Each structure stands twice: as structure tokens, then as C-alpha cells.
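Beneath this line is the structure, given in C-alpha cells, with notes to follow.
Read-outs: derived from the displayed coordinates by stated rules, not from any lab. Everything quoted here is computed from the prediction, not taken from an experiment. Quick reminder, even Gly has a Cβ in these numbers, built from the backbone with ideal geometry, and neighbours come from all protein chains shown.
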Amino acid sequence: MIEKFIIFIVTIIAEVFLCVGLTVSLLHPKNRLWPPPKRNSWQYWYMWILTSLSTLGVIVLSILDSDTFFLTHWFRYVIGAILIMMGFIVELWGIKTLSFHTSLGLKSKFVTKGPYRYSRNPQYVGFILAFVGIIIVSNSILTFITGLFGILLFALTPFIEEPWLRKRFKKKYEDYCKRVPRFI
């Protein structure tokens, strides 16, 4: 099925370009792509189009390429579904608490309530849980590869955001980092 390989290639390319954007943001903060400097900037569209392509690619591959890997036991559906649900709940709780615009990197309010009492990055924790669940349920080699790359990107993004947050919120953020773990 040529379509799934095209989707695989597009997803990998999107993830590689996301990695480039995050690397530029880390190494050259004045030219950062994430968080974007403003709404509708090229940096905003670059990061969100690639993030959407990457995420959608993982989901579509999980359907088109299912059962091509080594997990055969039916219990994978239970474990995977629990992880997907937990991931979406944590992610949505984080978005609702922080606000959608702040989640997009567009506003700069400092939030320490809700899931942010337990994790400095609950939305990334949610995405990672959901991706692990999707990988397990789909039992797909292509989803494993793209999902693992996506998980790596979600795990690295806080390291790109933290210098920006430290600069923006100063001592408040430093104190918060001492009290609350990066992930869980």
C-alpha cells in the first residue's frame, strides 16, 4: 500500500523539520521558532503545520499499518486504550487550565494550578501517554517509528521552552521549578 509509505515519509519529514525548528530555538534563542514570537508569524505556522502533520501522520499510520509489529496479545488493546484516555484527559486538562492561546505559545500568563501543580508540562505528558497508547494499540512498525520520534520531540520541547520561561517569569519560574517536576 503506497499511501501508507507516503504518509510515513511525510510524517518523518515533518518530524525532522520540527527537530530543526526546536534545535534553532535552543541554539539561537533570538531567532527562535518555538515559542513563536507572535500569532500568524511564519514561526507560528511553521511549528503548528509541522506538529499537525506529524500528529495526524502517527494517527493515520496507526490505522493503515495496524498489526505489522510484534504485539499479538489482545490485552494490548486494554493497556493502550487506558494510556490513550489518560493522555487525552491530562492533555485537555492542561489546555483548559492554561488556555488554548497560551498553549500555542501566544500568551505569557504564569499558571501553577490544576495539572501544573504536579507537572510543569502536563500537556506533553498527555501527548506522550497518548502516543505510547497508540503505538501499543496499533501494533504498527511505522507507527512505532514515527510515534517514538514524536515522543522524543515532546520530551525535548520543555528544554527549549524553559530558558524562554526563565527569562519571562524570572524568580517566580525558578521557584516553581524547585517545587514541581518537569514531567512527573
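Before moving on, here are some points about what is shown:
- In a DSSP loop and with at most 14 other Cβ atoms within 10 Å, the trypsin sites (Lys or Arg not before Pro) in region 97-184 are K107, K109, K113, R182.
- For trypsin sites (Lys or Arg not before Pro), the sites in region 11-51 that DSSP calls loop and that have at most 13 other Cβ atoms within 10 Å are K38, R39.
- Applying both filters, DSSP loop and at most 14 other Cβ atoms within 10 Å, to the chymotrypsin sites (Phe, Trp or Tyr not before Pro) of region 1-88 gives F70, W74.
- Sorted fewest first by neighbouring Cβ atoms within 10 angstrom, L27, L33, L56, L64 come out as L27, L56, L64, L33.
- Estimated purely from DSSP H runs of n ≥ 4, each contributing -39500 (n - 2.57), the mean residue ellipticity at 222 nm for the chain is -25000 deg cm²/dmol once divided by its residues.
- Cα-derived Rg to Rh of region 1-43, Kirkwood definition: 1.17
- Cβ-to-Cβ counts within 10 Å put M86, M1, M47 in ascending order as M1, M86, M47, the fewest first.
- Taking Cβ atoms as reference points and 13 Å as the exclusive limit, the residues near V58 contribute a net charge of -1, counting Lys and Arg as +1 and Asp and Glu as -1.
- Correct choice for Cα extents along the principal axes in Å that was computed from the model, options [x] 51, 33, 23; [y] 53, 36, 27; [z] 52, 32, 28: [x]
- Relative contact order (percent, whole number), region 2-179, Cα cutoff 8 Å, 6+ residue spacing: 28 percent
- Neighbours of N121, meaning other residues whose beta-carbon lies under 11 angstrom from its beta-carbon, give a summed charge of -1 when Lys and Arg score +1 and Asp and Glu score -1.
- Virtual spin-label span in nm between Y118 and I9, 7 Å along Cα→Cβ: 4.3 nm
- In the elastic network of the chain, a GNM with C-alpha springs shorter than 10 Å, the most mobile of P36, P163, P115 is P163.
- Neighbour-count order for T23, T146, fewest beta carbons within 10 angstrom listed first: T23, T146
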